[in-house]
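Contents: one structure, followed by commentary.
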Ligand SMILES: NC(=O)c1ccc[n+]([C@@H]2O[C@H](COP(=O)([O-])OP(=O)(O)OC[C@H]3O[C@@H](n4cnc5c(N)ncnc54)[C@H](O)[C@@H]3O)[C@@H](O)[C@H]2O)c1
């Protein structure tokens with residue numbers, strides 16, 4: 001199996017896409033720390049213990065897993081999550097930064113708390129976990145980190161100032177960490193997944209039939225591959241999933257230049273802009289996966 005003797009932490013692994021990551025990593029032979037705080041969609045407290053349920057599912061097919069109920073928003077707590085991997089399995093090879101919440105609102109309705117909570121979970125959460133995991137990986141000279149981003153951050157999405165900021169920040173951290181950690185044998189990549197989970201329920205509309213193209217399990221094989229030794233040459237990349245395809249995002253790069261010897265003044269920019277950069281302007285906004293619609297969320 002691809003991940004025999006490897007040890008993984010998957011955050012937010014109790015439900016949805018993260019649960020599928022944990023199950024597939026375990027099927028591929030990895031021992032898994034199933035981290036999940038068990039909160040509601042907006043981060044509100046609940047009595048549920050999805051981490052324990054996923055550990056039981058993994059045990060049922062003969063895999064190895066332990067739960068972690070630490071919050072990724074808490075720096076010290078994520079240190080304890082890494083320690084759980086070391087105590088239970090003696091090493092840490094793989095970290096999947098997946099935990100997330102949403103609090104969608106248009107900008108003028110978004111509260112400071114909505115912004116802070118979402119950024120704390122996705123962006124700071126990924127930093128917290130990685131900051132504790134990387135010294136262990138560096139010591140071993142090996143590591144695989146997969147960050148979960150979103151087209152909402154890569155391309156923009158209506159009503160997601162907080163989420164888009166966090167997911168774009170995750171892309172930025174992916175590039176920085178890929179540069180910093182390559183020499184230590186650690187790769188860092190990102191995936192913008194897709195799947196019908198509670199996070200996208202509002203986009204599916206009432207009574208919609210489950211769409212096989214939105215099965216959250218379909219994100220996991222690519223992540224299992226990126227988490228393996230076989231993907232040593234893959235670093236600093238941003239992948240996506242759409243329908244039955246995996247995709248590779250182009251890195252943001254300049255696509256057009258306007259040059260003027262000696263530099264520009266405002267009047268000459270105004271005179272030349274449309275004929276030069278203006279003819280290359282791009283559309284903004286993510287393309288919704290088939291089966292989901294922003295209109296359903298607004299209705
Ligand atoms: N569903 C999609 O189509 C889609 C698209 C793009 C990106 N994503 C991303 O995929 C990831 C998983 O999303 P999902 O759709 O499976 O959502 P989900 O709500 O089903 O699962 C998220 C899990 O994270 C856990 N969690 C939340 N805050 C936590 C914290 N502070 N500490 C530990 N665990 C915490 C929750 O308890 C929950 O079980 C998220 O990062 C999300 O932004 C999802």
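Every number here is computed from the coordinates shown, using simple stated rules; none is lab data. All figures in this text were calculated on a predicted structure; none of them were measured in a lab. Here the Cβ is made from the backbone with ideal geometry for all residues, glycine too, and neighbour counts use every protein chain on show.
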Checklist line | Estimated inter-spin distance, residue 242 and residue 140, nm [label 7 Å along Cα→Cβ] | finding: 3.5
Checklist line | Inter-label distance, nm, simple model (7 Å from Cα along the C-beta direction), residue 182/residue 64 | finding: 3.3
Next item on the list: Treating the angle as unsigned and between 0 and 90°, give the value, to the nearest 10°, between the Cα long axis of helix 161-181 and the longest Cα principal axis of the chain.
Entry: 70
Item checked: Angle between the chain longest axis and helix 125-140 axis [Cα atoms, degrees, rounded to 10] -> 60
Next item on the list: Could you please state, rounded to a whole Å, how far the C-alpha centre of the stretch 103-165 is from the C-alpha centre of the stretch 71-98?
Entry: 17
Check: For the stretch 242-295, what's the radius of gyration and Dmax over Cα atoms, in angstrom?
Finding: 17.8, 52
Note to self: If I model a spin label as a point 7 Å beyond the Cα along the Cα-Cβ vector, how far apart are those points for residue 258 and residue 112 in nm?
What the structure shows: 3.9
Next item on the list: At 0.36 nm per residue, minus the direct Cα-Cα distance, what do residue 49 and residue 201 gain on full extension? Give it in nm, one decimal, please.
Entry: 52.6 nm
Check: the stretch 131-272: Rg/Rh from Cα coordinates, Kirkwood Rh?
Finding: 1.10
Note to self: I'd like to compare 196-206, 244-254: which one has the highest average count of other Cβ atoms within 10 Å, and what's the full order after that?
What the structure shows: 196-206, 244-254
Item checked: 0 to 90° range, to nearest 10: angle between helix 16-27 axis and the chain longest Cα axis -> 50
Next item on the list: Evaluate the chain: find the radius of gyration of its Cα atoms, find its Kirkwood radius, and give the ratio Rg to Rh.
Entry: 1.01
Next item on the list: Based on alpha-carbon positions alone, could you give the equivalent ellipsoid semi-axes of the stretch 1-92 from the gyration tensor, as √(5λ), descending, whole Å?
Entry: 21, 15, 10
